[in-house]
1. Quick one: in the range 1-52, which of the residues that are assigned to a strand (DSSP E or B) and not hydroxyl-bearing (Ser, Thr, Tyr) is surrounded by the most Cβ atoms within 10 Å (Cβ to Cβ)?
2. Find the residue count for the range 1-48, including only residues that are small (Gly, Ala, Ser) and over 18 Å from Glu75 (Cβ atoms).
3. Can you tell me which residues in the range 60-72 are under 21 Å from Glu14 (Cβ atoms) and either in a loop (DSSP other than H, G, I, E, B) or not small (Gly, Ala, Ser) (or both)?
4. Taking only pairs six or more apart or across chains, which ones have beta-carbon atoms under 7 Å, a first residue in the range 25-47 that is of a type in the set (Lys, Arg), and a second residue that is assigned to a strand (DSSP E or B)?
Amino acid sequence: MSYLQEVLLYWDPEDANCRVAREFLAQHGIAAIERDVRQDPALQTDLHDMGSHALPTIVVNGVALSGYDPKLLAEVLGL
């Protein structure tokens, strides 16, 4: 990665897809800011405001990716 990226991970630790997405980021050395929607239900408002209705939602430099699609995520991250 040649430039700094801000990566936010909206997730639920009990959701299998969320855990897989978190592991994907970790395996690629991506330090995401984690936002646990179970611990802070107000984060649902953030998700709604960005038009996301699925978990995980991964935001890369302001671009929200709804759900876990490893191919698309890798593309957006430049991997």
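1. Step by step, filter the range 1-52, then rank; the result is Trp11.
2. Within the range 1-48, residues that are small (Gly, Ala, Ser) and over 18 Å from Glu75 (Cβ atoms) number 4.
3. Leu65, Gly67, Tyr68, Asp69, Pro70
4. Arg35/Leu8; Arg35/Leu9; Arg35/Tyr10
Where a number appears in this text, it was derived from the coordinates with a stated rule and is not lab data. Nothing here was measured: the structure is a model prediction, and the numbers come from that model. Quick reminder, even Gly has a Cβ in these numbers, built from the backbone with ideal geometry, and neighbours come from all protein chains shown.
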